[in-house]
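Take a look at the following structure, please.
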Amino acid sequence: MLDARRWRWPAIATFLTVALAASAYGSWRASGRSLAEQPPPPPVPVETARVVRRDVQVHLTGIGTVTPFNTVTVRSRVDGELQQVLFREGQDIRKGDLIAVIDPRLFQATLDQAKAKLAQDEASLANARLNLGRDTKLGKDAFASQQMIDNESSSVDQFVAQIAQDRAMIDNAQTQLSYTHITSPIDGRAGIRLVDQGNIVHAADAGGLVVINQIHPISVISTLPQTDVPAIRAALAAGKVQALATSHEDGSTLDVGSVELIDNQIDPQSGTVRLKSVFPNRNDALWPGQFVDVQTLVATLSHVLTVPSDAVQRGPDGPYVYVVADADTVAAAPVKVGQIADHVAVIEDGLAEGQQVVVRGQYRLAPGARVAPSTPAAPAGS
């Protein structure tokens, strides 16, 4: 009995081992067939663009503040009552326009008094000259002493000097009278009226009557890093430098002008330099105190290879782009990138004209991945 059991258990164990091996082999065959029958992953949808040659404008962009081309605080140069205000707030004013009148009566009286004094002294001079001439003749016949002649000559000289003083007083009085009629010293736009009609104004008043800002043309003071100074100087030396004022909010173009000058020093605190640009501002798109972006055109690169800047990726070994091959697979191509302006990247090395590069969807790609390119997008700014 014991011998029968001894032989039965090895037989059972052998049978179970063979059964398990057969089961495992069957599972492996089934798994292999499943993997072989699994379809490849679908291609990644991407948007592409062609590498093209084009001219690229190189701009330096800085933040600027709009300032009046000229600004004047109109003040009274004499004391008196403000009798008339002849401008409207917000009115465009031409140089020489009469904008206010100070009570002129006191100044007119002073002028009349100076003129009367001149007439009086001119009459006295005429009489002194007659006396001098008469006494000179009498002196020849010894009927007048030399002292009398000398006194008459001195009187003539005194009246001549007095008349010169009178004429100076008249000029001063006329000038003071002219100050009662206040005219605009520049072309510009009037601001808010600071003094109302009927008030007494003084030459020493700090506030003035109104501020006039010249806004046609208008200026923009912008800043750029000091490292950009050589490029700006070179551009200015070559001729007129275009400046483009764009909205700080949506990037829309507000006006096109030119760079007037570079400031004569660099700010040591910020390491920036100020530029003054001038714009015609015919449509009043620029307003004093407004913040804008100023794009300064410093160079134009001719017939260079370009791609949309979105195509350029950054990797541990430097910039690269995904290039689409004929089989709709992608390869990572290292590139040397030059200027990037207006969403366009200049490619100095690594690509050829006409190649197709990925500009959207590259974050789902790896070298060798299959892609489904969409209609090529036009290069930005074309």
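Tell me, in nm to one decimal, what length is gained between A204 and A123 on full extension, where the rule is 0.36 nm per residue of separation less the Cα-Cα distance?
25.2 nm
Can you sort Y322, Y363, Y179 from fewest to most other Cβ atoms within 10 Å of each residue's own Cβ?
Exposure proxy ranking, most exposed first: Y363, Y179, Y322.
Run the numbers for A164 and D79: contour at 0.36 nm per residue of separation, minus the present Cα-Cα distance, in nm.
27.9 nm
Please work out how much length the chain gains when fully extended from T227 to D326, using 0.36 nm per residue of separation minus the C-alpha to C-alpha distance, in nm with one decimal.
31.3 nm
I've got another one for you. Extending each Cα 7 Å along its Cβ direction at D171 and A352, get the distance between those two points in nm, one decimal.
A separation of 8.5 nm, rounded to one decimal place.
Could you tell me the calculated FRET efficiency between A372 and H343, based on Cβ-Cβ distance and R0 = 30 angstrom, to the nearest 0.05? Write down the numbers at each step before the final one.
On the way: r = 24 Å, r/R0 = 0.80.
E(calc), rounded to 0.05, equals 0.80.
To the nearest Å, what is the center-to-center distance of segment 156-180 and segment 186-249, using C-alpha atoms only?
40
Right, next: Would you mind ranking H59, H216, H343 by Cβ crowding within 10 Å, fewest neighbours first?
Result, fewest neighbours first: H343, H216, H59.
Computed from the coordinates by the stated procedures, all read-outs in this text should not be read as laboratory data. Everything quoted here is computed from the prediction, not taken from an experiment. Ideal geometry is used to build each Cβ from the backbone, glycine not excepted, and the neighbour counts take in all protein chains shown.
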